[in-house]
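> The structure follows.
The values are calculated or read from the model by the stated rules, or taken from the named source; none is laboratory data. None of the values given here were measured: they were computed from a predicted structure. Because the Cβ atoms are built from the backbone with ideal geometry, glycine has one as well, and the counts that use them run over all protein chains shown. Side chains are part of the model used for accessible areas, which takes the heavy atoms of the whole protein and leaves out ligands, DNA and RNA. Shrake-Rupley method; radii C 1.70, N 1.55, O 1.52, S 1.80 Å.
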Amino acid sequence: MRVALVVPGGVDRTGEYRVIPALLALLSRLARAHDVDVFALAQEAQAGEWPLAGAHIHNIGLHHTRIRALRAIMARHSLLPFDLVHAIWSGSCGLVAVAAGALLRIPSLVHVAGGELVALPEIDYGGRLTWRGRVGEQITLRMASAVTAASAPTIAALAALGVSAQRVPLGVDLGVWPPREPVPRDPGKSARLIHVASLNRVKDQTTLLRALAVLTQMGVECHLDIVGEDTLAGEIQALARELGLSDRVAFHGFLPQRLLRPLVEIAHLLVVSSRHETGPLVTLEAAVAGVPTVGTSVGHIAEWAPHAAVAVPVGEAVALAEAIGSLLADEELRLAIAREAQRRAILDDADHTVQRVETIYASLVGSSGRQHGEPQ
């Protein structure tokens, strides 16, 4: 089958930096059986092409990106016809995908993976902040031949908009990130917490650090590793100093998977403080590595609680601190949650993802009445 995949980025030519591991896992598996062209809207500022994970990457670059992406898909289709077009993320990616599908008369699949369905005016975030965004997203989702999302809360949000969607988590590549049995914690040593996310308003590290300050006041001995690119110009580091947490927090910046894994393995809990998530992918990665998640009630955390994660209300630092302290104090429960989380993450691994995606592809192409690779 010939597939045009539209993504915002996450497919850097290094294959290690500025990539989304779950996306690379999907690409490599799809490319084993299909011919995959990836149209990255803005991986790099300038247009370019390169091979990655068995697929052919077409980076569109800045300036008039959506129009140029649409033209690039149509030009490629004129040479080697696509059977369908698939967007990972809605928004601009979804709009390009459904427009290409309509113009080329082939099916389009849209995977909702970000803030397309939310409006958080206090941090100026979300696809539904403006009427243009709301109308554009509604048109995109209505035009799509099929819609998918990673977690039950997002499926429910889509249903509230009258859009039927299928649950397709972007799973972990178990060959690259193998399962590890949850490890008991030595109660005589300081607990290790890890947080993996870019430093930004959506991930809400302000709540994370305030929760750590509460834990300190509670007398809980713990250390927090924060891994992720800083987009706030040192604001979170300054808050750590202001709260007197400098000796309890280490900021590592972005780390590739090979350097992230050792930090995850020494952690006892992953902490998520996000205001919104459709996943997050890191919850699945931590679960595979035997580390349970305590976090805000978003995405997989809301979906898995209480048996495979611990969820608290968004923005509630005291509740987050109390949940962390409570789970650290109950080792039997921590290990039980870790094992159930790992079981679920392994069931939803990258092989499962591609099986679900291929099933949807076959259904869409079959219902369109076209033979694979058949020109228009």
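> Which condition number does Arg201 fail, the rest of (1) open to solvent by less than 10 Å² (accessible area, probe 1.4 Å); (2) farther than 25 Å from Ala308 by Cα; (3) within 20 Å of the chain's Cα centre (by Cα) being met?
Going through the list (1) open to solvent by less than 10 Å² (accessible area, probe 1.4 Å); (2) farther than 25 Å from Ala308 by Cα; (3) within 20 Å of the chain's Cα centre (by Cα), Arg201 breaks only (1).
> Of all residues in the stretch 117-138, how many are assigned to a helix (DSSP H, G or I) and either without any contact (Cβ under 8 Å) to a residue 40 or more places away in the chain or of a type in the set (Asp, Glu) (or both)? Don't jump to the end; show me each part of the working.
Pass one, the stretch 117-138, residues assigned to a helix (DSSP H, G or I): 121-123, 131-138.
So of that shortlist, the ones also either without any contact (Cβ under 8 Å) to a residue 40 or more places away in the chain or of a type in the set (Asp, Glu) (or both) come out as 121-122, 131-135, 137-138.
Total satisfying the criteria: 9.
> Take the residues of the stretch 44-65 that are open to solvent by 60 Å² or more (accessible area, probe 1.4 Å) and small (Gly, Ala, Ser): which is farthest from Asp173 (Cα to Cα)?
Ala47
> Looking at this structure, is Ile236 at pLDDT 95 or above, hydrophobic (A, V, I, L, M, F, W, C) and within 24 Å of Ala350 (Cβ to Cβ)?
Working: at pLDDT 95 or above: yes; hydrophobic (A, V, I, L, M, F, W, C): yes; within 24 Å of Ala350 (Cβ to Cβ): no.
No; evaluated as a whole, the condition is false for this residue.
> On to the next question. Does the stretch 230-246 include one or more residues that are surrounded by 15 or more Cβ atoms within 10 Å (Cβ to Cβ), outside any helix (DSSP H, G or I) and among the β-branched types (Val, Ile, Thr)?
Looking through the stretch 230-246, none of the residues is surrounded by 15 or more Cβ atoms within 10 Å (Cβ to Cβ), outside any helix (DSSP H, G or I) and among the β-branched types (Val, Ile, Thr).
> Could you say which residue among Ala165, Ala159, Ala144, Ala150 is within 15 Å of Val112 (Cα to Cα) and without any contact (Cβ under 8 Å) to a residue 12 or more places away in the chain? Don't jump to the end; show me each part of the working.
Working: Ala165 fails: without any contact (Cβ under 8 Å) to a residue 12 or more places away in the chain; Ala144 fails: without any contact (Cβ under 8 Å) to a residue 12 or more places away in the chain; Ala150 fails: without any contact (Cβ under 8 Å) to a residue 12 or more places away in the chain.
Within the list Ala165, Ala159, Ala144, Ala150, the selection yields Ala159.
> Within the set of pairs 6 or more residues apart or between chains, which connect a residue that is within 13 Å of Ala197 (Cα to Cα) inside the stretch 223-245 to a residue that is part of a loop (DSSP other than H, G, I, E, B) and open to solvent by 60 Å² or more (accessible area, probe 1.4 Å) with Cβ atoms less than 7 Å apart?
Qualifying pairs under 7 Å: Gly228/Phe254; Glu229/Phe254.
> Which of the following residues is buried (at least 18 other Cβ atoms within 10 Å of the Cβ) and of a type outside the set (A, V, I, L, M): Gly136, Gly162?
Values: Gly162 fails: buried (at least 18 other Cβ atoms within 10 Å of the Cβ).
Going through Gly136, Gly162 in turn, just one is buried (at least 18 other Cβ atoms within 10 Å of the Cβ) and of a type outside the set (A, V, I, L, M): Gly136.
> Additional query: Given the structure, is Ser326 in contact (Cβ under 8 Å) with a residue 24 or more places away in the chain, surrounded by fewer than 19 Cβ atoms within 10 Å (Cβ to Cβ) and of a type outside the set (Phe, Trp, Tyr)?
no
> If you check Arg180, Arg128, which single one turns out to be at pLDDT below 95, at negative phi and under 22 Å from the mean Cα position of the chain (by Cα)?
Values: Arg180 fails: at pLDDT below 95.
Criteria check complete, one pass: Arg128.
> What helices (runs of 4 or more DSSP H), lying completely within the stretch 263-376, carry at least 1 residues that are of a type in the set (Ser, Thr, Tyr) and at pLDDT 95 or above?
Counting at least 1 such residues, we get 281-288, 317-328, 350-368.
> Give me a count of the residues in the stretch 66-116 that are open to solvent by 20 Å² or more (accessible area, probe 1.4 Å), part of a helix (DSSP H, G or I) and closer than 16 Å to Leu364 by Cβ.
1
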